[in-house]
Each structure stands twice: as C-alpha cells, then as structure tokens.
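Participant: Structure in structure tokens, see below.
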Amino acid sequence: MKTIFSPDQMLHAPQFEVSDGKLEPAKEIPSRAQMVLDRLKAVQFGEIIEPRSFSLDPILKIHASDYIEFLSDFWRLWTEEGRTEQEAFPFVWPVRQLRTDIVPDQIDGKLGHYSFDAGTPMGPHTWTAVRRSAETALTGAAMMAEGARSAFALCRPPGHHAHKSFFGGYCFINNAAVAAQYLRDHGAKRVSVFDVDYHHGNGTQAIFYDRADVQFLSIHADPKVEFPYYLGHADEKGVGEGEEFNLNYPLPHGTPWEVWSRALEEGCASIEAYKPDVLVVSLGMDTFEKDPISQFKLKSEEFNLIGERLAKLGLPTLFIMEGGYAVEDLGVNCVNTLTGFRQR
Ligand SMILES: NCCCCCC(=O)NO
Ligand SMILES: [Zn+2]
C-alpha cells in the first residue's frame, strides 16, 4: 500500500484555536503528519509518494466556486483590509433567521459566512496546504481508478467537517468527498464512504445526503453531547434519492471496543448489502483512549482489528486521514490500522 503526502501540507500551522470557548494551543498541527510519516518509515510500511497536481475542477465538483474563491483569496483580502493578526478567527455566523443569500463585503462577515466554528483559524499558507491535502486525496483516488487495491492519503488538514460552502472542525476542503466524486467520475458506479473518526462527518453527510450513488456511514460520538453537535443523529437516513444511503451510528462517551466494534459490524453489513465498487475510509484516530479531545476508549492494538475487519469486505479501499490528536500515539494507531488491513 502506497502513502501519498506533500510537505506543502505542513504549511498550515495554526498556533491557537478557540475550543470550549477558550483560546487554547492548536491541536491540528503539522507534527501530526510528521508522526505518521515517522512511523511509516520506522516500520518500512511502503513507498511514500508526493501527490500529483490537479486543476480546481475535481474540487469544484464538490465545493461551491464562491467558497473556493474565498479560500484561495482570503489572505490577500485579509491583509488588504489592513488586518495584521497572523491567524484569522471567525466570530460571527449567519445562524437561524439570518440571511445567507448576500455575502458581506467586510472580511469578518465573509469569514463567518463561510465557516461554522471558531476552532479553525486561517493563516497565510492555509490555502496552499489545504489544496495540496485535497490533491493527496485525489492522487489516491486516481491510483485506485487506475487499478490500485489500496492507498493511504495522508491528508492534513483533514476534511470531513467541510461542507459544500463552509469550513470548520479544522477542515476546509472535504478530501474524502472530493476523492469519492473523483472515483464516481472515473469508473465507480457506487462508492461507500465509511467515516470511523470519533466525530461525525457532518460535511461528508451533507454533501451526499440526497444521492444514492455514494453511501455514507459514520460511527461517532453522539452529537447530543459532542462536536459537531448539529448533525449525526441515527434518524438522519438521507433524503429523496439518497433515502436509506446515509447511516449514522452515534455512540455515548466512554464507548469501548466491545461496543464500538458492534457498530463497525453493522456498518460493514450495510456496505456489503450496498455492493460498492470502491470503499473510501475517513480514517480518524481520535477514537483512541488517550486522545486529548475525545472520549472513546479504543486501544492501540484494536486499530489493527479495524483494518482487518475492513479488509474482509474485499473492496478496493482508499484510506484518507482525518482526526487524531494524541500526537505521540497517532503514528502507531494509524499504521496499526493500515497494517491490520494489509495483513488479511
Ligand atoms: N474544536 C472542536 C473539535 C474539533 C474536532 C475536529 C475533529 O477531529 N474532527 O474529526
Ligand atoms: Zn475527529
């Protein structure tokens, strides 16, 4: 299994985030990717290649053009308005009964229009890193379309919270959604996206919610008590043609492997019934018992079991990295998953 990664993805280097209402040290930091790279090399897991270049076209299949233009132009706009802060935090949003048909001219108004939380600051090189992270996912998808049985897109910044037209949860471009769409456009009739990150993949769900050609499944902490709070309940089944192709498995804080693995089994059974041509896995390792921002109880050796179970589906599988903030253990837990998959 090859890994795709670009050093450009390190250029998004937030210092702070607003989390639980407080300004805290940023969690989604470049060293996350470094730890995974180090582990891959330490165990000689496989070749690590740089992503290919892509036009914005495959990204614009998923995201709105005005949103992508905002992301790519943002830092110029920010500095042109005389803002000197090196990190831009949204702090006002168009929630219920407010208008989103008019995008404000002022940069803070724009920032809020195109985001949903205060935990995802933008910096001078965010766009460069985000675009390369998406190209890492696209390269993995292209390799699958060209016949690879598996690939690991070491995406960072992550993507599964990014919606069509707004960012949040450390995510700007929805890497898994862009990859799934690329696969649909290059021979796959049906694609399953299985999100095993601790947090609900609200962006990926929303993007494919009315579609039958991409099945979305997510095991995550119950949104009644966990970020992103406002999507991810079990009654969200899809809409229109997409009815029954969205499956959420919300679980309580403190969930151990014995419970989590039952949801994994249910998800795998649904994937088998759906018979996709390819599987995209949104691979977050924040289900780990020592993750600083999460409250599931998976142990490092249980990540091997995730990979083994997914391998039993017998599908071409593209792994796309999402969350995981126990930086010291992230490399081990990520590579354990990929090792379990490959050993079958
Ligand atoms: N600052 C709120 C928590 C963001 C969670 C990001 C994540 O890991 N999503 O999968
Ligand atoms: Zn997460």
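Participant: Quick one: net charge of Val259's neighbours, Cβ under 14 Å, K/R +1, D/E -1? List each step's numbers first, then the result.
Facilitator: Values: positive: Arg262, Lys297, Lys299; negative: Asp222, Glu258, Glu265, Glu266, Glu289, Glu302.
Here the count lands on -3.
Participant: To continue, here is another question. Report the residues of region 252-268 in range of a label on Lys312: point 7 Å along Cα→C-beta, backbone N strictly under 15 Å from it.
Facilitator: Within reach of a label on Lys312, which here means backbone N under 15 Å from a point 7 Å along Cα→Cβ, region 252-268 contributes 258-268.
Participant: Specify the residue with the greatest mean-square fluctuation among Asp222, Asp20, Asp286, computed from a Gaussian network of the chain linking alpha-carbon atoms under 10 Å apart.
Facilitator: With Cα springs under 10 Å in the chain, the top fluctuation among Asp222, Asp20, Asp286 is at Asp20.
Participant: For the chain, set up a GNM with springs between Cα atoms under 10 Å and report which of Thr317, Thr136, Thr128 has the largest fluctuation.
Facilitator: Among Thr317, Thr136, Thr128, the largest GNM mean-square fluctuation belongs to Thr128.
Participant: Hey, which of these cross-link pairs are over 32 Å Cα-Cα: Lys41/Lys61; Lys2/Lys224; Lys2/Lys27?
Facilitator: Details: Lys41/Lys61 34 Å; Lys2/Lys224 38 Å; Lys2/Lys27 27 Å.
Over 32 Å apart, Cα to Cα: Lys41/Lys61; Lys2/Lys224.
Participant: Let me ask something additional. Of the peptides 241-247, 151-157, how do they stack up when ordered by the mean number of other Cβ atoms within 10 Å, highest first?
Facilitator: With the highest mean Cβ count within 10 Å placed first, the list reads 151-157, 241-247.
Participant: Ranked from highest to lowest mean number of other Cβ atoms within 10 Å per residue, what is the order of the peptides 81-88, 333-340?
Facilitator: Working: 81-88: 12.0, 333-340: 23.8.
Put in order of decreasing packing, that is 333-340, 81-88.
Participant: Rg and Dmax of region 282-335 over Cα atoms: what are they, in angstrom?
Facilitator: Expressed in Å, the Cα Rg and Dmax of region 282-335 come to 11.2, 34.
Participant: Still on this structure, please answer the following. Quick check: Cα centre of region 142-168 to Cα centre of region 224-270, how many Å?
Facilitator: Measuring centre to centre over Cα atoms gives 20 Å.
Participant: Further, regarding this structure: In vacuo Debye scattering of region 229-344, one point per C-alpha: log10 I(q)/I(0) at q = 0.14, 0.15, 0.17, 0.20 Å⁻¹?
Facilitator: Treating every Cα as an identical point scatterer, log10 I(q)/I(0) equals -0.61, -0.71, -0.91, -1.23.
Participant: Could I have the simple spin-label model distance between Val43 and Gln106, label points 7 Å from Cα toward Cβ, reported in nm to one decimal?
Facilitator: 5.2
Participant: Using Cβ contacts closer than 10 Å as the measure, can you line up Met1, Met122, Met143 from fewest to most? Don't skip to the answer; put the middle values down first.
Facilitator: Values: Met1 17, Met122 24, Met143 20.
Lowest to highest Cβ neighbour count: Met1, Met143, Met122.
Participant: When the chain is modelled as a GNM with alpha-carbon springs shorter than 10 Å, which of Leu217, Leu111, Leu60 fluctuates the most?
Facilitator: In this elastic network of the chain, the residue with the biggest mean-square fluctuation among Leu217, Leu111, Leu60 is Leu60.
Participant: Okay, moving on. If you stretched the chain out fully between Lys61 and Arg83, how much longer would it get, using 0.36 nm times the residue separation minus the C-alpha to C-alpha distance?
Facilitator: Working: separation 22, 0.36 × 22 = 7.92 nm, distance 3.20 nm.
Between Lys61 and Arg83, full extension yields 4.7 nm more.
Participant: Shifting gears a bit: Near Gly240, within a Cβ-to-Cβ distance under 14 Å, what is the net charge of the other residues, with Lys and Arg +1 and Asp and Glu -1?
Facilitator: Details: positive: Arg211, Lys237; negative: Asp210, Asp213, Glu236, Glu241, Glu243, Glu244.
That sum, taken over residues with Cβ under 14 Å, equals -4.
Participant: If packing is taken as the mean number of other Cβ atoms within 10 Å per residue, what is the order of 266-279, 195-208, highest first? It would help to have the intermediate numbers written out before the result.
Facilitator: Values: 266-279: 16.9, 195-208: 28.1.
Final packing ranking: 195-208, 266-279.
Participant: Starting from the 7 Å offset along Cα-to-Cβ, what nm value, one decimal, do you get for the label separation of Val95 and Gln295?
Facilitator: Here the modelled spin labels are 2.1 nm apart.
Participant: Still on this structure, I have one more. May I ask for the distance between the Cα centers of region 176-212 and region 280-309, given as a whole number of Å?
Facilitator: Value for the Cα centre distance between the two parts: 20 Å.
Any read-out appearing in this document is the output of simple, stated calculations on the displayed coordinates, not a laboratory observation. This is a predicted model, so every value here is computed, not measured. Cβ sites come from the backbone with ideal geometry, for glycine too, and all protein chains shown count toward neighbours.
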